[in-house]
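Asks: Starting off with a structure, shown below.
The values are calculated or read from the model by the stated rules, or taken from the named source; none is laboratory data. Just so you know, these numbers come straight off a predicted model, no measurement behind them. Every residue, glycine as well, gets a Cβ built from its backbone with ideal geometry; the counts of neighbours run over all protein chains shown. We work out accessible area using only protein heavy atoms, side chains counted, and drop any ligands, DNA or RNA first. Shrake-Rupley method; radii C 1.70, N 1.55, O 1.52, S 1.80 Å.
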Amino acid sequence: MHALGVRAHDEIAAASDAGTLDAVRARYLGRGDGLLTVVRKQIGAVADPEARRAMGQTVNAVVERVTEALEERRAVLSAASTGSSTETIDLTWPPPPLRRGHLHPVSRVFRDVRRIFAQLGYVPVSGPELEYDRYNFTLVNMPPGHHSRDTQDTFYVDDDRLLRTHTSPVQIRSMLIRGAPQRVIVPGKAYRRDYDATHFPMFFQVEGMCIDEGIALSDLKGTLEFFARSTFGIDRAIRMRPHHFEFTEPSVELDVTCAVCGGEGCRLCKGSGWLELLGGGMIHPNVLRNGGVDPARYSGFAFGIGVERIAMLAYGIEDGRLLYENDVRFVSQA
Ligand SMILES: [Zn+2]
């Protein structure tokens, strides 16, 4: 039945003039021996009332769609035939202006972050988005049963694999590949089961990691200050607040002075004058060890930048969902 419908649609689409189209109509819907008409006549012979009703519905639906397709094709053909005889083209008329595209805010921030850290000698590296539980959690100091696993709303693929919830597993992978010293950033996607004004099921992160002898928290501060000023302006100040992450010790959250009020307090910063920018800290000795790096000799810092968060702060976007809803009015703002 459906095959018949598909064949009819193909023939309708191929009909290039009204005469051919009439022939197609007759072949399928002709009063006496149209292919669909014949099928319709057979419905009455089906004994089971349930089956009869079901078949009737199917046949009617196909007939309806074929009829619609015939009418649409007829309209297209008649528009084309009248159009070609009356249309005139003024070759001297200037063409409509070309609309230039531009980068999506997230792509732009992504590009800027890479550029800023390239100036400090960071090399971009990547890792798999479909990750093993071991790399995503266990080796970054979140062993099975650890309470912090619950807070991440993970997309599990099976018992052993998941969509990475952060770019941090690449810390381990990069240590195992490159050893120490090293300076890398990991621009990439991460996934969590979350969707509201500031959380997205897929989001972009830039992980940063620096390992060498004698690396201290002050190095992290200097690095992130350079990043914040390069992104938001030279007059921005930053502050670090103690925080807790499993994979760093000590851990900090980094704030930047509000881009709107400059620190005096406004709606965006909820009166505090500060905006939360990112998290980081000194890499936990366990994590260094898991990456095959000797914590007695080397130390390092790591940080994670939320790209959407930077885009929202840099462009004053209050609801981050706008970034992903593909509303042309939003994304075409230069
Ligand atoms: Zn403010």
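Asks: Along the Cα-to-C-beta direction of residue 47, a point sits 7 Å from the Cα; which residues of the range 1-40 have their amide N less than 13 Å from that point?
Replies: none
Asks: Still on this structure: Per 0.36 nm of contour for each residue apart, how much would the distance between residue 98 and residue 118 grow if the chain were fully extended, relative to their Cα-Cα spacing?
Replies: Value of the extension gain: 3.8 nm.
Asks: Calculate, axis by axis, the spread of Cα positions in the chain along the three principal axes, and write the results as whole Å, longest axis first.
Replies: 92, 63, 40
Asks: Here's something else I'd like to know. So which GluC sites (Glu not before Pro) in the range 9-105 end up in coil per DSSP with only 10 or fewer other C-beta atoms within 10 Å?
Replies: 87
Asks: Follow-up. Run the helix sum for the chain: -39,500 (n - 2.57) per DSSP H stretch of 4+ residues, divided by residue count, reported at 222 nm to the nearest 500 deg cm²/dmol.
Replies: Helix contribution divided over all residues of the chain: -12500 deg cm²/dmol.
Asks: Checking the a/c ratio against 1.5 first, then a/b against b/c, what shape does the Cα gyration tensor give for the range 134-241?
Replies: Oblate, because a/c is 1.5 or more while a/b does not exceed b/c.
Asks: Which percent of the accessible heavy-atom area of the range 105-331 goes to carbon and sulfur, probe 1.4 angstrom?
Replies: About 50 percent, which is the carbon plus sulfur part of the accessible surface.
Asks: Further question: When only C-alpha pairs under 8 Å and at least 6 residues apart count, what is the relative contact order of the chain, in percent?
Replies: Worked out over the chain, it gives 15 percent.
Asks: Give me the angle, in degrees from 0 to 90, between the Cα long axis of helix 18-29 and the longest principal axis of the Cα atoms of the chain, rounded to the nearest 10.
Replies: Between helix and principal axis, roughly 90 degrees.
Asks: Can you tell me which of 155-163, 103-111 comes out highest on packing, and rank the rest after it, using the mean Cβ neighbours within 10 Å?
Replies: 103-111, 155-163
Asks: Suppose R0 equals 45 Å. What FRET efficiency, 1/(1 + (r/R0)^6) with r the Cβ-Cβ distance, do residue 272 and residue 189 give to the nearest 0.05?
Replies: E(calc), rounded to 0.05, equals 0.90.
Asks: Another question about this same structure. Could you tell me what percent of the accessible area of the range 2-86 is made up of carbon and sulfur, with a 1.4 Å probe and every protein chain present?
Replies: Carbon with sulfur: 57 percent of the solvent-accessible area.
Asks: Then there is this: Please work out whether the range 48-144 counts as rounded, prolate or oblate from its C-alpha gyration tensor, where a ≥ b ≥ c are the square roots of the eigenvalues and a/c under 1.5 means rounded, while otherwise a/b larger than b/c means prolate and anything else oblate?
Replies: oblate
Asks: Want the number for residue 315 to residue 79: 0.36 nm per residue separation, take away the alpha-carbon distance, what's left?
Replies: Computed gain between residue 315 and residue 79 is 80.3 nm.
Asks: For helix 105-119, what angle does its Cα long axis make with the longest principal axis of the chain, in degrees from 0 to 90 and rounded to 10?
Replies: 30 degrees
Asks: Let me check against my output: what whole-number percent is the relative contact order of the range 2-86, with C-alpha pairs under 8 Å and at least 6 apart?
Replies: 34 percent
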